[in-house]
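Notes follow once the structure below has been shown.
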Amino acid sequence: VCVMDMRLPDMDGNSAIRALHQLYPAMEFLIHTGSSSYSLPEDLRAMGLDDSRIYQKPLDDMAPLAAAVRRLATCEDCP
């Protein structure tokens, strides 16, 4: 499971997800972003990501994100 930020030093998070997915097709992704206008590109949706995988910063409660990591790590409801 990868928790991806959208702002990275050398590439954006969408590009990083695409590159990681090619190398590790079974990897599951969660997005943690401070951008209130972020929306998933269609190609990432086609990889199985949806709006339930997006977590907005700052999180007042990390429990939902931690639960999502646990769920994906054990492949409960994996696509």
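Scanning the stretch 1-55 for residues that are of a type in the set (Asp, Glu) and out of contact with any His (no Cβ under 7 Å at 6 or more places or on another chain) yields 10, 12, 28, 42, 43, 50, 51.
Kindly indicate whether residue 56 is without any contact (Cβ under 8 Å) to a residue 12 or more places away in the chain and among the polar types (S, T, N, Q). No. Within the stretch 6-27, restricting attention to residues that are among the charged types (D, E, K, R) and at pLDDT below 95, the residue that is surrounded by the fewest Cβ atoms within 10 Å (Cβ to Cβ) is 10.
Name the residues in the stretch 27-76 that are farther than 15 Å from residue 1 by Cβ and either in a helix (DSSP H, G or I) or among the small types (Gly, Ala, Ser) (or both), would you?
34, 35, 36, 37, 39, 42, 43, 44, 45, 46, 51, 63 - these are the residues of the stretch 27-76 that are farther than 15 Å from residue 1 by Cβ and either in a helix (DSSP H, G or I) or among the small types (Gly, Ala, Ser) (or both).
Set side by side, the residues 30, 44, 59 differ, and just one is in contact with a helix residue (DSSP H, G or I) (Cβ under 8 Å, 6 or more places away or on another chain), modelled with pLDDT under 95 and open to solvent by less than 60 Å² (accessible area, probe 1.4 Å), which is 59.
Taking every residue in the stretch 1-13 that is farther than 13 Å from residue 34 by Cβ and pairing it with any residue that is among the small types (Gly, Ala, Ser), at least 6 positions away or on another chain, the pairs with Cβ-Cβ distances below 6 Å are 1/73.
The values are calculated or read from the model by the stated rules, or taken from the named source; none is laboratory data. Worth saying up front: this structure is predicted, and the values here are computed from it rather than measured. Reconstructed Cβ throughout: ideal geometry from the backbone, glycine too, with neighbour counts over all protein chains shown. When the accessible area is computed, the model is the full protein with side chains, heavy atoms only, and any ligands, DNA or RNA have been set aside. Shrake-Rupley method; radii C 1.70, N 1.55, O 1.52, S 1.80 Å.
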